[in-house]
1. Is there any pair linking a residue in the stretch 212-235 that is touching a residue at least 12 places away in the same chain (Cβ under 8 Å) to one that is within 15 Å of ligand 2 (Cβ to nearest atom) and part of a helix (DSSP H, G or I), with Cβ under 6 Å and at least six apart or on different chains, and which?
2. Note down all Cβ pairs under 8 Å where the first residue falls in the stretch 51-77 and is on the phi > 0 side of the Ramachandran plot and within 11 Å of ligand 2 (Cβ to nearest atom), the second is polar (S, T, N, Q) and assigned to a helix (DSSP H, G or I), and they're at least six residues apart or on different chains.
3. In the list Phe455, Phe426, which residue meets the criterion of being buried (at least 19 other Cβ atoms within 10 Å of the Cβ) and more than 29 Å from Pro313 (Cβ to Cβ)?
4. Filter the stretch 308-336 for residues that are free of Cβ contacts under 8 Å to residues at least 40 places away in the same chain and within 12 Å of the chain's Cα centre (by Cα) and give the result.
5. Go through (1) in a loop (DSSP other than H, G, I, E, B); (2) out of contact with any helix residue (DSSP H, G or I) (no Cβ under 7 Å at 6 or more places or on another chain); (3) crowded, with 20+ Cβ neighbours inside 10 Å one by one and return the number of the condition Arg461 breaks.
6. Which ones in the stretch 252-274 are in contact (Cβ under 8 Å) with a residue 60 or more places away in the chain and within 36 Å of the chain's Cα centre (by Cα)?
7. Find the residue count for the stretch 184-206, including only residues that are closer than 23 Å to Arg159 by Cβ and within 16 Å of ligand 2 (Cβ to nearest atom).
8. Within the stretch 115-132, can you find the residues that are within 20 Å of Gly250 (Cα to Cα), among the hydrophobic types (A, V, I, L, M, F, W, C) and touching a helix residue (DSSP H, G or I) at 6+ places or on another chain (Cβ under 9 Å)?
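Each reported figure results from applying straightforward, stated rules to the coordinates on display, with no laboratory input. Given the structure is predicted, the values throughout are model-derived calculations rather than measurements. FYI the Cβ positions are ideal-geometry reconstructions off the backbone, even for glycines, and counts take in every protein chain you see.
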Amino acid sequence: MAQILVTEKIGAEGLDALTQAFTVDVRLDLTQEQLKEILPSYDALVVRSQTKVTADVLAHGTKLRVVGRAGTGVDNIDVDAATRAGILVVNAPASNSIAVAELAIGLLLGMARQIPQARASMQAGRWERGRFMGWEVRGKNLGLLGFGRIGSEVARRARALEMNVLAYDPFISQERAQQLGVQAVTLDTLLRESDVISIHTPLIDATRNLLNAERLAQLKPGAYLINCARGGIIDEAALVEALEHKQVAGAALDVWAQEPPKNNPLVAHPNVIALPHLGASTEEAQALTAADVAEGVVDALQNRTPRYAVNAPFVAPEAWQIVAPYVQLGRILARLAAQVVQSPASAYEIVYSGELATTTTEPIRLATLAGLLEGASESRVTPVNAALLARDRGLALSERKLPEAERYAALLELRVTTSDGALHTFGGTAVQDEPHVVQVDGYWLDVVPSQAMVFTFHQDRPGLIGHVGTILGAADINISSMHVGRMAPRGHAMMVLTVDEPVPGDVIAKIEAEAGIAKAFSVQL
Ligand code: NAD
Ligand code: MLT
């Protein structure tokens, strides 16, 4: 049974879902060294934001198939290294948007009315009605840096507070901005015009220190900043300066370049509201986050496409129902091709026909690539890293879609052209969601593939099949099914035997020595 390691606290909804299907170890507060030491035993790792899943850590995950991030940001995970290693990364990006958006609005109002400062003053025994003069948010310009899920939710709420909302996002959808009554602007305009800027971008190279000294100097004097996204997007030293010179009147910070912050003057600054990364800390968000990440991890371990895969294509559940057996089939056809085609391949093509021509086929392509590369790579090959490995090896797989499928409602065909100009074809279809191999090199048959098989290309004639059976029987190999396709009676034919155990080379040699057999192959999936 697959083993899952959980290194940070996640909601019971998620833990229960994981425990129902797998063995789960919750090990909080591991050092990096301890994590690396125990990771080789696990198939899945579930983290929040504190565990740093570096390339070095991932290298110790020799069995690791999936990393689940219970939350949105994946900046604590080396996603590139995971992709190279064929490890899927899943997160829960839709689970905490409302929690973060509500916190941003809370911080906006908190700054506008100096709520934390007034509370501290009261608790110190003072009554300072004149000191805490506030300002109304109505009619003020709120600039959103990043207009994705959370930015949009902040916009919706700010519009209800009668604010003018501006947004800068290189991938902004004008239509969505208009729908929410938001003005899409350049970064310069956003910096210049906003009374308050709220940050909602990921922490990536392009956003690290995005608000540096130079950009802070472009702000409207006396502007306010909110950061519920990630520490490191605002240059903290530059912000201290800007607060000192009143260029920035106040800041509300939920996230820090170093968490927890150490000797950071912003934490105790009188014009800063400092929070310990609470954006996602609502009961609702935590329940949803835990459930979503657990669903992603379970899907990955049970070979389904997770809804929120960070480094794999998304497939809508309706499409996945159609595509799933063909994902398996793509790998099977590729494994067959890799073992049956003997000459070096010069071109690979995959043809999606009939019903398959109108659905999303990227997961089928990736599974097929993985199948082709599996036997030829020392490193682990999965659909996650197949495209990268194929590119490194110069392996190209072209694709074609045909509206009509021969004989079946849908047909997947892998066509391999070898350097000597020969064409080999492997076709399959799904019958009641089960992959069937239905065509090999132009021979039509119907095989439910098994782990071990024998393929023969031979001359159709009485007694030959019996002889092959006798050879396998003498080697104590049990045949579970037999399928023959032929061009014409007593003409060229091929046979597929599914067997209970792999057939060794010396037994294949005996089969090939039979009169009438042109070629025999042992195939293992
Ligand atoms: P999202 O992917 O839906 O939106 C991010 C947006 O940022 C995207 O629209 C993207 O185009 C935009 N963007 C990227 N680069 C940009 C740039 N250089 N300038 C401007 N915009 C840019 O993500 P989301 O769900 O809205 O979350 C945003 C971030 O919030 C996450 O990446 C995460 O780091 C952070 N977050 C923090 C907490 C918390 O507890 N404080 C909780 C959840 C998420
Ligand atoms: C997130 O990106 O979802 C947040 O950082 C929340 C968290 O990890 O708790």
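1. The qualifying pairs are Ile226/Ala104; Cys228/Val100; Cys228/Leu103; Cys228/Ala104.
2. That search, which allows pairs on different chains as well, returns Gly71/Thr289.
3. Details: Phe426 fails: more than 29 Å from Pro313 (Cβ to Cβ).
Answer to the selection: Phe455.
4. Scanning the stretch 308-336 gives a single hit, Phe314.
5. (3)
6. Kept after step one, since they are in contact (Cβ under 8 Å) with a residue 60 or more places away in the chain, are these residues of the stretch 252-274: 252, 254, 259, 270, 273.
Scanning the stretch 252-274 gives Ala252, Asp254, Glu259, Ile273.
7. 4
8. Filtering the stretch 115-132 down to residues within 20 Å of Gly250 (Cα to Cα) leaves 115-121, 128-132.
Still in the list and also among the hydrophobic types (A, V, I, L, M, F, W, C): 115, 118, 120, 132.
Answer for the stretch 115-132, where residues must be within 20 Å of Gly250 (Cα to Cα), among the hydrophobic types (A, V, I, L, M, F, W, C) and touching a helix residue (DSSP H, G or I) at 6+ places or on another chain (Cβ under 9 Å): Ile115, Phe132.
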